[in-house]
Amino acid sequence: MSNTSVGKIVKQLIEDKLVIEVGKLKGVVGKSATLLEINPEGSYVIGINIDLNSAQIAIVTLNGEVIEQRNIVCDMKQKAENVLDQIVYSTLDIINRADPKVVEKIMAIGVSIPGPISWPDGEVLMVPQFHWKNVQVRAYLEQKLDFVVYVDNDVRAVLLAESLFGNMREYGNSVCLYIGSGVGSAVMINGEILRGHRNTLGEIGHITLDPHGAMCDCGRLGCLQTFICSSELEKQMQISIQEIYTDYHKGEYSAIRIIKRARDYLGIAISNIVSMYNPEAILLAGPMIQQFPELIDGVEDVSNEYVWYPLKDSFKIIKPKIGKNSSVIGASALVLNEYLRPTFETFK
């Protein structure tokens, strides 16, 4: 971009109080350069993450800090509209209780949900764990809340959050592999999220690894997530994931065997990702990683064992920095990634 275009954009951002001047760069020849940084209180975003049994709602600053948060339990056996109404009620409540000076600076709402989501219209195409199909989440929430709403897959949201505020800031070519009650991934090339033809790029949890394997929630046999995700391990062991890991630490053979198998298939998945996308780094995220880090002990060695030889040791395994709030901060990062895009396009 030309200096003139950059200057116009920066001037507009300063007028909108999204960027602030913080001093001058000293010790240089000629006119001193003005130092700028994002004004964290220049605007705010509401982030909403909808998970298997709960939803997180938060007001987030421009530097990814959560200043207000509400966690609610959601019964996904209800109709989708009932769940969304519960989220609307809690969102309005958190807005009404917030500082009015904060509320007037809320720019938009970001929503992260597992499963395939149409883009940009924000329709949930299918979430087997929720029993949701063709739910118009964006349109419903925009009508009820009177804000611009962006809805996208939760794994993309996590990768965006770590790329803006966490451990992935220096990696423009990266992949997030997210393991929880399901398995998903997101891909970033040259700093841009890849979406695919139907915004479903990254649904790695449903690649077939064994056509004669266990039945997946999607109705097919032997999907990757049947070997890795918590809900499938619970189904196969007939005990909770916490009990599986307790037995693992006690040295119970069955628990050791199923966790080792999960680690092996995770390594295979990573090796396939490396061969397909050639990333600099792979972010391993999600509840399974946060609660049970033993799952990824030695997984880099496993993946290098299976990866195509020219790509051996070409990538790094990265753990998240943000932690438990990654999905709701990721939902706000979705807004930051999209809301300002038309501004930048104007000056091109």
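The values are calculated or read from the model by the stated rules, or taken from the named source; none is laboratory data. Worth saying up front: this structure is predicted, and the values here are computed from it rather than measured. Counting neighbours? That spans all protein chains shown, and the Cβs are built from the backbone with ideal geometry, glycine included. Heads up: the accessible areas ignore ligands, DNA and RNA and are worked out on the full protein's heavy atoms, side chains in. Shrake-Rupley method; radii C 1.70, N 1.55, O 1.52, S 1.80 Å.
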For K312, work out the one condition from (1) over 16 Å from S230 (Cα atoms); (2) surrounded by 14 or more Cβ atoms within 10 Å (Cβ to Cβ); (3) touching a residue at least 24 places away in the same chain (Cβ under 8 Å) it doesn't fulfil.
(3)
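Give A186, A157, A161, A139 a once-over and let me know the one that is open to solvent by 50 Å² or more (accessible area, probe 1.4 Å) and among the small types (G, A, S).
Working: A186 fails: open to solvent by 50 Å² or more (accessible area, probe 1.4 Å); A157 fails: open to solvent by 50 Å² or more (accessible area, probe 1.4 Å); A161 fails: open to solvent by 50 Å² or more (accessible area, probe 1.4 Å).
Of the residues listed, the single one that is open to solvent by 50 Å² or more (accessible area, probe 1.4 Å) and among the small types (G, A, S) is A139.
Out of the residues in the stretch 193-206 that are outside any loop (DSSP other than H, G, I, E, B) and more than 14 Å from the chain's Cα centre (by Cα), state the one that is surrounded by the most Cβ atoms within 10 Å (Cβ to Cβ). Reasoning before the result, please.
We begin by selecting, within the stretch 193-206, every residue outside any loop (DSSP other than H, G, I, E, B); these are 193, 204-206.
Then keep just the ones that are more than 14 Å from the chain's Cα centre (by Cα); that gives 204-206.
Values: I204: 22, G205: 26, H206: 19.
Step by step, filter the stretch 193-206, then rank; the result is G205.
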Given (1) surrounded by fewer than 14 Cβ atoms within 10 Å (Cβ to Cβ); (2) farther than 22 Å from G166 by Cα; (3) in contact (Cβ under 8 Å) with a residue 12 or more places away in the chain, E37 misses just (2)
Report whether or not Y248 is part of a strand (DSSP E or B) and surrounded by 19 or more Cβ atoms within 10 Å (Cβ to Cβ).
no
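Can you tell me how many residues within the stretch 261-317 are small (G, A, S), closer than 29 Å to S240 by Cβ and either outside any loop (DSSP other than H, G, I, E, B) or more than 22 Å from the chain's Cα centre (by Cα) (or both)? Walk me through it before giving the result.
In the first step, residues of the stretch 261-317 are kept if they are small (G, A, S); the result is 262, 267, 269, 271, 275, 281, 285-286, 298, 303, 314.
Filter once more, keeping what is closer than 29 Å to S240 by Cβ: 262, 267, 269, 285-286, 298, 303.
Still in the list and also either outside any loop (DSSP other than H, G, I, E, B) or more than 22 Å from the chain's Cα centre (by Cα) (or both): 262, 267, 269, 285, 298, 303.
Adding up the residues that qualify gives 6.
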Would you mention how many residues in the stretch 207-237 are touching a Phe, Trp or Tyr at 6+ places or on another chain (Cβ under 9 Å), part of a loop (DSSP other than H, G, I, E, B) and more than 16 Å from S185 (Cβ to Cβ)?
3
Cβ pairs under 9 Å, 6+ apart or interchain, first in the stretch 1-24 and open to solvent by 40 Å² or more (accessible area, probe 1.4 Å), second among the aliphatic types (A, V, I, L, M) and in a helix (DSSP H, G or I), ordered by first then second residue, are M1/I9; I20/I14; E21/I14
Just checking, which of V137, V148, V175 is more than 15 Å from S326 (Cα to Cα) and either among the basic types (K, R) or touching a Pro at 6+ places or on another chain (Cβ under 7 Å) (or both)?
V175
Being touching a residue at least 40 places away in the same chain (Cβ under 8 Å) and under 12 Å from G110 (Cβ atoms) is the filter here, so list the residues in the stretch 132-143 that pass it.
V137, L141
Run down I329, I268, I282 and say which single residue is of a type in the set (A, V, I, L, M), surrounded by fewer than 21 Cβ atoms within 10 Å (Cβ to Cβ) and within 20 Å of S174 (Cβ to Cβ).
I268
Which number in (1) open to solvent by less than 10 Å² (accessible area, probe 1.4 Å); (2) assigned to a strand (DSSP E or B) marks the one condition that N134 misses?
(1)
Would you please name the residue that is most open to solvent (accessible area, probe 1.4 Å), looking only at residues in the stretch 53-87 that are in a loop (DSSP other than H, G, I, E, B) and farther than 21 Å from V335 by Cβ?
K77
Any residue in the stretch 144-167 that is under 15 Å from K319 (Cβ atoms) and assigned to a helix (DSSP H, G or I) sitting within a Cβ distance under 8 Å of a residue that is open to solvent by 10 Å² or more (accessible area, probe 1.4 Å) and of a type in the set (F, W, Y)? List the pairs, counting only those 6 or more apart or interchain.
V158/Y178; S163/Y171
Residue set V175, V155; condition at negative phi and modelled with pLDDT of 95 or more; output residue V175
I'd like the residue in the stretch 119-131 that is more than 16 Å from A157 (Cβ to Cβ), out of contact with any Cys (no Cβ under 7 Å at 6 or more places or on another chain) and assigned to a loop (DSSP other than H, G, I, E, B) and, out of all such residues, is modelled with the lowest pLDDT.
Q129
